[in-house]
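First up is the structure itself, then whatever we jot down about it.
The values are calculated or read from the model by the stated rules, or taken from the named source; none is laboratory data. Every value quoted in this text rests on a predicted model; they were computed, and no experiment measured them. Note that we place each Cβ from the backbone using ideal geometry, even for glycine, and neighbour counts take in every protein chain shown. All accessible areas refer to the heavy atoms of the entire protein, side chains included, with ligands and DNA or RNA removed. Shrake-Rupley method; radii C 1.70, N 1.55, O 1.52, S 1.80 Å.
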Amino acid sequence: MDRSSFEKFRDFVTRKRVRFILLSLTLLVSAFALYLDITVRMQFEGKRWAMPARVYARPLELYPGMKLRPEQLAMELAMLDYHAVDDPQIPGSYRRQGDEFTIITRPFTFWDETQASLPLQADFDGVRLSTLTNRATGKPVTLARLDPVLIGGIYPAHNEDRVLVKFDEIPPHLIKGLIAIEDRQFYSHHGFSARGTARALVSILSGGGVQGGSTLTQQLVKNFFLTSERTLRRKFTEVMMSMLLELHYSKDEILEAYANEIYLGQDGNRAIHGFGLASHFYFDRPLSRLDLPQAALLVGLVKGPSHYDPRRQPARALARRNLVLQEMRKMDFITPAQYVAARATPLGVVEKAPEGTSLYPAFVELVHRQLRRDYREEDLRSEGLQIFTTLDPLVQTSAERALTTRLAQLEKDRRIPPRTLEGAVVVSHSQNGEVQALVGGRNTRFEGFNRALDAARPIGSLMKPVIYLTALERPESYTLATLLDDGPLVWRQRGTTDWEPQNYDKEFHGQVPLRVALANSYNVSTARLGLALGVRHVMDNAHRLGVERDLNTYASSLLGADSLSPLEVTQMYQAFASGGFRVPLRAIREVLMADGQPLQRYPLSVEQVIEPGPAYLVTHALQAVVQEGTADALKKYLSPDLHPAGKTGTTNDLRDSWFAGYTGDRLAVVWVGRDDNQPINMTGAGGAMTVWGEMMARLDPDPLVPPMPENIESIWVDSATGLRADGNCQGSVELPFIRGSGPTETAPCAAHAPARSLKNWFERLFE
C-alpha cells in the first residue's frame, strides 16, 4: 500500500471513528435527555412536596349559657391572633367593651362542616355567656365555633414547612416583582438564558466556578430536582431540565411551583419555603392580603433570606426591597405614585414571628405517639394531614403557669437552688377522657424529655385507692366504717428481707376506720389490708383500671414502689373520676386529609370496670382526703363547696411528690421531683398538691356531686366503733353503704338509726 492509499485509509477510519463517537454521544445525550424527561414529568406531576401534618387545638364553641369568663374569651382571641380594633370589619378582628364582644370570626373548614365568617355579638353575665347574636341579621345564634389554634406540626425529615398556594392566589404585584428583579425574559425564553449560560461557562472555564445565568425556571429546577453542587455537569443538567420543564408545562404552572418551592427564611430548625408561609412568617397574614411593599420585600428575600433578614438586618432588607420597587418602576409595572408611596412605607414585619414549632411540644408528642398507632411515619410527615386534637389552650395555659410559678416559689421557700425542681401535669376531662392539657416540664417549650409521658417514678400512696377499691368491692367484709389494724407489722416472705412499713408520722394508730386510714394515708393499716386481700389481686385491679405496664407483686408494691408516668396515673384515676368507667385517654378527635376529606374518627370508647356502688364509695373516701385528711390544705385554693376528691402521694426519702385529684369536670395529676432522683424533702401535699390547687383555682371547676347509685343508703355510725348511731350522738358521722352492708349493731348512744338517702346529705352541703 502506497503512502496515498494509506492516508486515504487512515482518513476513512478517522471519519468512521468520529461518526461513531458522534453517534455514541448523540445516543448518550438522547438517553440522558429521555431519563431527565421522565424524571421531570414523574416528579413534577406526582407528589411535589412533603407537607407537614397540621395539629390544631379544640375549637372554642360559643353558645348562650356556657360557662366562660370574659377574660377567657379575650385570652382565646389573643392566642388566635385576632386583632383588637375600634370597628371590626374583616375576619380575625374584634372589639371588647367591658363584658361585650364584637367578633368577626374567620372562615374555617372543620371535620363536620365549613363555617363561613360570622359577625358575632357576645354578651356576658358574670362567668357565663348570656347572649350570642348575629350582628348582621340581629338573630340569636345557638352555636358558633372560633377557628382552632394551630398548636404545631409534624414536619418532614428535612424539617421544611410550607403553605401551598394556587397561581390565582398569588398577588399580581408579587409576580411582577419576581419578573422585574429575577427574570425579565421569563415569558419569552424557553427555560434558560443563552447569554447567562454562556457567562456561566466562561466563569467555570476560567476557574471562577459556576455562577449567574439562572432564570426562574432554572432556579426552580435547581431547588426542586438538583443539589447545590457547583459543577459544569450540574449546570448542563439544569439547562436540559429547564428546557424539558418549559416543554411540558405552562408558564403559570412553573410560576406556581416556584412560588411554593423557593426558600425564604429559617425559624429555628424549621425551613420556611414558599411565599404562602413566608407571608405568615413575616407579616402574620395570608399571601392574598399582601400590599405592594410587602410583596416587594418577599421578592427581595429570594436572593438571600439570611443576608436580607428583615428582623436581623432591617437596613439591608429595606434597601433590597426598594431595589425591587425600582426595577418594577423601570418596567412600568407600577406607577410613579405607587413607587413613591411604597418606598416611604416601613418594612411592616411583625416583631415576633408566629410560632412555627409547637407552642405545646409535650402535648404534640402525645398526639404523635397516638397517631403512630394508626399511620405510617412517612405519611404523618408528608401528606399534609389536618389533626384536630382535644387540647384546651385555656387549660394548658393555666397548667403551665401553675407549674412554673409554684416550682419557683417552692425553691424559694425551701431554699432549694433555682431550677432544681422539675414537674409534669396531665389534665383530662373527667368523663370522656379527652386530654385537655399536658406539661412535660417547667421549660414548657422544650422539645426534649417529656416527663408527663416518660418520667416513670414510684407513685407512693397514689396506689392506695386501688387497695381500698378492692376491699369495698367486697361489701360483705369491708365498708367505709370497717375498723383496720394500724399496729406494728412485720411481713416475712421467703427470698426477701423482712418488710416493716412505717407511717409517715412514725406513729401507730391502733384500730382506725377504713375511710380514716385512707384519708390520713396510713401505711401500716393499708399494707395489712392489701396483704389480706392479696397483692396480686390488687395489682390485677390496677390493670383493670387501665395500667398496662407490668406491676410487681411484692408487698412494697401496695405502697407504690412501682413506677408509673403521670399519664399512666391519669389513666388509672380516670376510672374513679368517671364513676367506674375505663375511658382510654385520647388526644385526637378527628384526622382530615389535606383536601379536607375525613380520614379517621376517634370515637369515645367506654367500658365499665367498677360497679357504681364501689365507685361511689371510693370517690366519697377520696373527698374525705380533701375534707379532713392529708389534702385538707387544698381549701386554701378551692372552696370546700366544690367537694373535690384527691390523693396525695409521697415516696421514700421524699424523692417524689404526687397529687391526683378530680372535680365535677376535670381530672388532673401532678408530679414534682428532681431529674437526678435526689430527695426534694416535700410531701405530696407540700409540693404537687399546691400546683394542682393553683391550677384548678384558675380554671373555676365544677363541683363534684356524683350521682348516687340506687343500691347506696346513708347510715349514721359511731366513728370510733363503726356501729350504727344516731345523728345526735357525739362523734357520729353519716356514711354511704352498699345496701345491706351497713352495721346492724348500735352504739350505746343510739336507740335506732334509720337509713336515709344521701340525696339529703348533698342538699345540706350546698345550702
- Task: Go through the stretch 655-665 and count every residue that is closer than 18 Å to P707 by Cα and in a loop (DSSP other than H, G, I, E, B).
- Result: 3
- Message: Suppose we filter the stretch 630-654 for residues that are surrounded by fewer than 24 Cβ atoms within 10 Å (Cβ to Cβ), among the polar types (S, T, N, Q) and not in a loop (DSSP other than H, G, I, E, B); how many remain?
- Response: 1
- Do the conditions hold for Q600, that is, is it touching a residue at least 60 places away in the same chain (Cβ under 8 Å) and under 24 Å from the mean Cα position of the chain (by Cα)? yes
- By residue number, the members of the stretch 138-147 that are part of a loop (DSSP other than H, G, I, E, B) and surrounded by fewer than 21 Cβ atoms within 10 Å (Cβ to Cβ) are G138, K139, V141, T142, L143, D147
- Item | Positions within the stretch 288-309 being assigned to a helix (DSSP H, G or I) and open to solvent by 10 Å² or more (accessible area, probe 1.4 Å), in sequence order | S288, R289, L292, P293, Q294
- Message: Looking at the stretch 141-153, I want the residues that are on the phi > 0 side of the Ramachandran plot and have a partner that is among the aromatic types (F, W, Y) with Cβ atoms under 7 Å, at least 6 apart or on another chain. Which pairs are those?
- Response: G152/Y360
- Collect the residues in the stretch 86-125 that are assigned to a loop (DSSP other than H, G, I, E, B) and either more than 21 Å from S288 (Cα to Cα) or open to solvent by less than 30 Å² (accessible area, probe 1.4 Å) (or both), keeping them in residue-number order. D86, D87, P88, G92, G98, D99, T105, F110, W111, D112, E113
- Task: Of the conditions (1) more than 26 Å from G191 (Cα to Cα); (2) out of contact with any Pro (no Cβ under 9 Å at 6 or more places or on another chain), G304 clears all except one; give me its number.
- Result: (1)
- Every residue from the stretch 705-754 that is of a type in the set (G, A, S), farther than 21 Å from D485 by Cα, exposed (fewer than 14 other Cβ atoms within 10 Å of the Cβ) and free of Cβ contacts under 8 Å to residues at least 40 places away in the same chain: G727, A751
- Task: State the number of residues belonging to the stretch 166-201 that are modelled with pLDDT under 85 and buried (at least 16 other Cβ atoms within 10 Å of the Cβ).
- Result: 6
- Mind telling me which of the residues R316, R312, R372 ends up being more than 18 Å from L174 (Cα to Cα), in contact with a Leu (Cβ under 9 Å, 6 or more places away or on another chain) and open to solvent by 30 Å² or more (accessible area, probe 1.4 Å)? R372
- Which ones in the stretch 50-102 are touching a strand residue (DSSP E or B) at 6+ places or on another chain (Cβ under 9 Å), in contact (Cβ under 8 Å) with a residue 60 or more places away in the chain and at positive phi? G65
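Would you be able to say whether some residue in the stretch 412-423 is touching a Phe, Trp or Tyr at 6+ places or on another chain (Cβ under 8 Å) and either open to solvent by 20 Å² or more (accessible area, probe 1.4 Å) or farther than 22 Å from E548 by Cβ (or both)? Walk me through it before giving the result.
Start the filter on the stretch 412-423 by keeping residues that are touching a Phe, Trp or Tyr at 6+ places or on another chain (Cβ under 8 Å), which leaves 423.
Subsequent filtering for residues that are either open to solvent by 20 Å² or more (accessible area, probe 1.4 Å) or farther than 22 Å from E548 by Cβ (or both) retains 423.
Yes, the stretch 412-423 has at least one match.
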- Query: Which is of a type outside the set (A, V, I, L, M, F, W, C), touching a strand residue (DSSP E or B) at 6+ places or on another chain (Cβ under 7 Å) and either free of Cβ contacts under 8 Å to residues at least 12 places away in the same chain or open to solvent by less than 20 Å² (accessible area, probe 1.4 Å) (or both), of R162, R135, R128?
  - Reply: R162
- Message: The conditions are (1) touching a helix residue (DSSP H, G or I) at 6+ places or on another chain (Cβ under 9 Å); (2) over 28 Å from R270 (Cα atoms); (3) without any contact (Cβ under 8 Å) to a residue 60 or more places away in the chain; (4) not in a loop (DSSP other than H, G, I, E, B), and T345 fails exactly one of them. Which is it?
- Response: (4)
- Item | Conditions (1) in contact with a Leu (Cβ under 6 Å, 6 or more places away or on another chain); (2) under 27 Å from V538 (Cβ atoms); (3) open to solvent by 10 Å² or more (accessible area, probe 1.4 Å); (4) of a type in the set (G, A, S): number failed by S398 | (2)
- Looking at the stretch 477-493, is at least one residue of a type outside the set (A, V, I, L, M), more than 22 Å from T721 (Cβ to Cβ) and at pLDDT 95 or above? yes
- Give the residue that is farthest from G126 (Cα to Cα), with candidates limited to residues of the stretch 66-85 that are over 24 Å from the mean Cα position of the chain (by Cα) and open to solvent by less than 40 Å² (accessible area, probe 1.4 Å). M66
- Go through the stretch 245-271 and give me each residue that's part of a strand (DSSP E or B) and among the polar types (S, T, N, Q). Q266
- Task: Return the residue satisfying two criteria in turn: it lies in the stretch 353-402 and is of a type in the set (V, I, T) and closer than 13 Å to Y56 by Cα, and of such residues it is modelled with the lowest pLDDT.
- Result: T357
- Note on the structure: If we ask which residues in the stretch 383-424 are of a type in the set (D, E, K, R) and not in a loop (DSSP other than H, G, I, E, B), their number turns out to be 8
- Does the stretch 111-150 hold any residues that are among the hydrophobic types (A, V, I, L, M, F, W, C) and over 29 Å from D595 (Cα atoms), and which are they? A122, F124, V127, L129, L132, A136
